[in-house]
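Everything below concerns the one structure shown next.
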Amino acid sequence: MDFTQNKQFWQNAVNTRHSCRSYKDLAVDDDTMQKLKTFAYSIPLPFEHEYELRFFKSDGRPVANNLRKPPPDCLAFLSETDLVSIGKTGFAGELFILYATGLNINTCWFGHYILREVERLMPHLGEYANAPAGMYGYSKGETEGVRVICITPLGYWEEKGLRLMDRMSSNMMSFKRKPLNELMENYTDVSKLPDEIIYALDFARKAPSAANSQQWRFSVADNAKTITIAKPKGYKHIKWEHSDMDVGICACHFWLGLKVQGISCTVEPVLDADRVLWKFSL
């Protein structure tokens, strides 16, 4: 895929994407769904990764916490559950979500999905078909084998269906991001960085995260040829157990910000103590 030829498409997706929790009862049209499936099965990743994006149909019953009525079409993100795999799945999944945004399809990352409902609609584990109603997500730690890490609805926004609290959250949090200098581990005067790095970092800071926590931090080498992205060591989100997935999502945004400028790089996500550190070498 030549990202430079579609720079405006991806830039608009990054700038307009927001988490949607209320949907019209309307299936994705056939032409758009075919485009989504074609992209999902051939996502261009800069690293090796075993994962799956699996489409499934809902029947209108709640499938996730804070999602009262899902649209007919949904998607699950599956992978193994070690930190690096989860981070890579966040990277791949966000690239899909941005592509869907560019096609005017609304989405939302849901990690606290209702396990027995997802298992009922999309069997993949078997033993959780009768899980307790209050069991959200698959696990709080590493689990053997492949699991659904998160799900997302795929549909069209229904603003009237939002509760006031969700409407305020959508308006106040979805687009509110920290300034770049607050996210830097060095180069607090970001104006001294090359323009192309600032552009890509601006993509990265606009990434979504659980409760808009924006836990990632950026470090740029003196020659601006090596950039790392990671959460602080020891960081734990109060509710969301897979913050390394959020960092993978952020890494996706940074990589995309380079690609649309025609800048090549190697991408290496590595385990660093209790976190995944993403290293970009230009």
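What follows draws every value from the coordinates through simple rules; no lab data is involved. Note that the structure is predicted; figures quoted are calculated from it, not measured. With ideal geometry, Cβ positions are generated from the backbone for all residues, glycine too; neighbour counts draw on all protein chains shown.
For the chain, the longest principal axis of the alpha carbon atoms and the long axis of helix 30-40 meet at an angle near 50°. Taken along the Cα-to-beta-carbon direction at a fixed 7 Å, the label points for GLU50 and VAL270 span 2.3 nm.
In the chain, taking the dipole from charged Cβ atoms about the Cα centre, the farthest positive-side position among ALA251, TYR156, THR81 is held by TYR156.
Taking every DSSP bridge with both residues inside the range 3-281, close to 95 percent are antiparallel. A Förster radius of 22 Å, combined with the Cβ-Cβ distance separating ALA221 from LYS178, puts the computed FRET efficiency at roughly 0.50. Put simply, the amide H of ALA64, placed in the peptide plane, has neighbours under 5 Å in ILE114, leaving out anything fewer than 5 places away on its chain. When each of the peptides 35-41, 91-97, 1-7, 109-115 is scored by the mean number of other C-beta atoms lying within 10 Å of its residues, the order from highest to lowest reads 91-97, 109-115, 35-41, 1-7.
In order along the range 203-209, the phi-based Karplus estimate (6.51 cos²θ - 1.76 cosθ + 1.60, θ = phi - 60°) of 3J(HN,Hα) comes to 4, 5, 5, 8, 5, x, 8 Hz; Gly and Pro are listed as x.
Placing unit charges on the Cβ atoms only, positive for Lys and Arg and negative for Asp and Glu, gives the chain a dipole magnitude near 880 debye about its Cα centre. The alpha-carbon of LYS57 sits under 22 angstrom from the alpha-carbons of these lysines, leaving out residues fewer than 8 places away in its chain: LYS24, LYS35, LYS37, LYS69. Relative to the Cα centre, the charge distribution of the range 1-154, modelled as +1 at Lys and Arg Cβ and -1 at Asp and Glu Cβ, gives a dipole magnitude of about 600 debye.
Taking amide hydrogens as placed 1.01 Å from N in the peptide plane, the amide H of LEU103 sits under 5 Å from that of no residue at least 5 positions away in sequence or on another chain. Helix content alone sets the calculated 222 nm mean residue ellipticity of the chain: runs of n ≥ 4 DSSP H residues at -39500 (n - 2.57) each, divided across all residues, give -9500 deg cm²/dmol.
Can you match Rg/Rh (Cα atoms, Kirkwood Rh) to one of these, (1) 0.97; (2) 0.95; (3) 0.93, based on a calculation from the structure here? Among (1) 0.97; (2) 0.95; (3) 0.93, the one calculated here is (2). The range 97-139 and the range 212-282 have their alpha-carbon centroids 25 Å apart. Cross-link partners for LYS233 among the lysines, with Cα-Cα distance under 25 Å and sequence neighbours closer than 8 places in the same chain left out: LYS88, LYS140, LYS176, LYS178, LYS206, LYS225, LYS279.
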